[in-house]
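A short write-up of the structure that comes next.
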Amino acid sequence: MKKQLAALLAATAMTAVITLAMVVTSANALFNKNTVDTVNTSSTSVNAAAVSVAVADQATIKQLQDRINEYAQREQQYQQREKQYQQTIQSNQDLVQKASTQVDQIRQLLQALQQRGLITIRDDGAILINGG
């Protein structure tokens with residue numbers, strides 16, 4: 001029973017402190033003389049502020065649009081480069097394929113000449129022409 005009574009007193013004290021803080025803050029806000037009365041604010045200053053914000057927003061929007069256009073141009077340049085690189089790769093692959101075909105043809109020719117006894121290919125890769 002003592003624990004319940006202590007808990008009840010602690011909860012009541014905390015509630016009282018929070019309530020007091022809220023009342024003091026509200027009273028300060030209500031009676032503070034250093035605030036600007038929103039009803040007495042001139043509409044021209046509000047309009048001027050709104051216009052300056054709108055102009056700043058327009059400038060920011062323009063800068064962002066310019067940056068987007070710049071990035072779009074870069075992307076196009078990168079795509080053009082990629083296309084050129086792809087064409088170069090394809091061209092080089094074609095050259096490698098032709099060279100591989102030629103190497104195969106040369107091997108076949110050397111094997112045919114060796115089988116007929118016209119040449120001899122040594123272990124070190126040297127080719128000797130047989131007299132005949």
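The values are calculated or read from the model by the stated rules, or taken from the named source; none is laboratory data. These numbers come from a predicted model, not from an experiment. Just so you know, the surface numbers come from the protein's heavy atoms only, side chains and all, with ligands and any DNA or RNA stripped out. Shrake-Rupley method; radii C 1.70, N 1.55, O 1.52, S 1.80 Å.
What percentages, rounded to whole numbers, describe P(r) for the chain computed over all alpha carbon pairs with 5 Å bin width beginning at zero?
2, 7, 5, 6, 5, 5, 5, 4, 5, 4, 5, 5, 4, 4, 4, 4, 3, 3, 3, 3, 4, 4, 3, 1, 1, 0
On average, how much accessible surface per residue is there in the chain, in Å², for a 1.4 Å probe, leaving out ligands, DNA and RNA? All intermediate terms of the calculation are to be shown ahead of the outcome.
Working: 12310 Å² over 132 residues.
Using a 1.4 Å probe on heavy atoms only, each residue of the chain averages 93 Å².
Among the lysines, select those whose C-alpha is under 19 Å from the C-alpha of Lys33, and discard any that sit fewer than 8 residues away in the same chain.
none
Once both axes come from the Cα atoms, what is the angle between helix 2-31 and the longest principal axis of the chain, in degrees from 0 to 90, rounded to 10?
Roughly 90 degrees between the two axes.
Expressed as a whole percentage, what fraction of the accessible surface of the chain belongs to carbon and sulfur atoms when a 1.4 Å probe is rolled over the protein heavy atoms? Spell out each step's value before the answer.
Details: 7220 of 12310 Å².
Ligands and nucleic acids excluded, carbon and sulfur reach 59 percent.
Which number do you get for Rg(Cα) / (2.2 N^0.38 Å) in the stretch 77-123?
Numbers: Rg = 18.9 Å, N = 47, 2.2 N^0.38 = 9.5 Å.
In units of the globular-protein estimate, the stretch 77-123 measures up at 1.99.
Compute the length gained on full extension between Leu8 and Gln79: take 0.36 nm times their separation in residues and subtract their Cα-Cα distance, giving the result in nm to one decimal. Write down the numbers at each step before the final one.
On the way: separation 71, 0.36 × 71 = 25.56 nm, distance 7.30 nm.
The span from Leu8 to Gln79 would gain 18.3 nm if fully extended.
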